[in-house]
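Contents: one structure, followed by commentary.
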Amino acid sequence: MSWLRSGSRLNLCRVRFVVAVVVVTCAQVSAAPSTGAADDNSPASLVRNAVANEIAASQDASVKHMFRSRKQTPRGRQTRLYVETREAMAGMTIAYDDKPISEQQSHSEFHRLRHLIADRDDLRKKQKQEHEDAEHTRRIVKAMPDAFVYEFDGTEPSQSGVGKPGEELVRLMFHPNPRYTPPSRVEQVLMGMRGFVLIDKGALRIAKIHATLFREVSFGWGILGHLDKGGGFVVEQADVGDGTWEITHIQLSFTGKIMVVKSLAIKSDENLSDFRRVPDDITFAEGVELLKQEWARLQHENSGTATASKNTH
């Protein structure tokens, strides 16, 4: 999945500036250095090299995984299974508020997936949207070498879900580069952000980024909307055991206005886990079949647990 792959779904009525918010948050982010030449041990060089690796990883879709997502929002908890395929991401909801979905709900999930298998036009639309989301994210990442100024802030050990086990992480504080001029609204949100990034120095990969809006950010002179001061995001990434890195945690918190009057509120906390390799050339239909098999296994597990619990009472 990598930092720069996959993306979020946006209703067109939400206006383009929301892309900047979600791209920087939901759709995987990394950090970058200030302008000018720098020695190999400087914060600028360290981040620039790590960002180059993130971009390279985003363009290598040869390694694919099945994984689980558990997302908390004000509306409750949702658990989903995903399979990365060579065509598009295959995914299904398996639980709400930690309770397995009903048989009727599972039928609806598989009906939706079967539709995508049968309707190649809709599948291509899904694939196109995912590619566009990833490209927006790449634009953000490529802008960051000039968008921020970095400084060392010590080191800390890696931990579960953050970095590679046993490696040391370099902590860099960042704030906007006053000489940077964003080329579009997509990059404009960066000018109101500051925070810190953790870099795995051995692997030269981004392990964590924590960013906060320290001021209100307006779009289109405030006509298109704005993001409120105080919002922010956390994204964490780790080596999942097979040499590849995947996002393990995404936390989002933003409020603002769209077209002056429509309120915007994004608040979620998502953990991604149980990464398992799947065939590198897996098709969308084969990915759906893996989802079916995993769902059947989980149902059997849940049935056995319920029976055992009943027998002990």
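Over region 12-305, Cα pairs under 8 Å with separation of 6+ residues give a relative contact order of 23 percent. A simple spin-label model places the labels of R215 and S160 4.1 nm from each other, with each point 7 Å out along Cα-to-Cβ.
Of the peptides 235-248, 146-159, the order by per-residue mean of other Cβ atoms within 10 Å, starting with the highest, comes out as 235-248, 146-159.
Going by a ≥ b ≥ c, the root eigenvalues of the Cα gyration tensor, does region 144-289 fall in the rounded group (a/c under 1.5), the prolate group (a/b larger than b/c) or the oblate group? Oblate is the answer for region 144-289, as a/c is 1.5 or above yet b/c matches or exceeds a/b. Among V189, V261, a tally of other beta-carbon atoms within 10 Å of each Cβ gives an order, fewest to most, of V261, V189.
Label positions at S102 and D280, each projected 7 Å from the Cα along the C-beta direction, are separated by 4.5 nm.
Averaging the sequence gap over all C-alpha pairs within less than 8 Å and six or more residues apart, then dividing by the number of residues, gives region 77-236 a relative contact order of 13 percent.
Between H300 and D242, the C-beta separation translates, for a Förster distance of 25 Å, into a calculated FRET efficiency of about 0.40. Computed extension length for H115-Q293: 62.2 nm, one decimal, from 0.36 nm per residue of separation with the Cα-Cα distance subtracted. Would you please give the residues with an amide H less than 5 Å from that of G256, counting only those at least 5 places away or on a separate chain, with H modeled from the backbone geometry? HN-HN under 5 Å from G256: D228, L264.
Laboratory data are not the source of any read-out in this text; all were calculated from the coordinates shown. Note that this is a predicted model, so its numbers are computed, not measured. Using ideal geometry, Cβ is built from the backbone for each residue, glycine included, and neighbour counts are taken over all protein chains shown.
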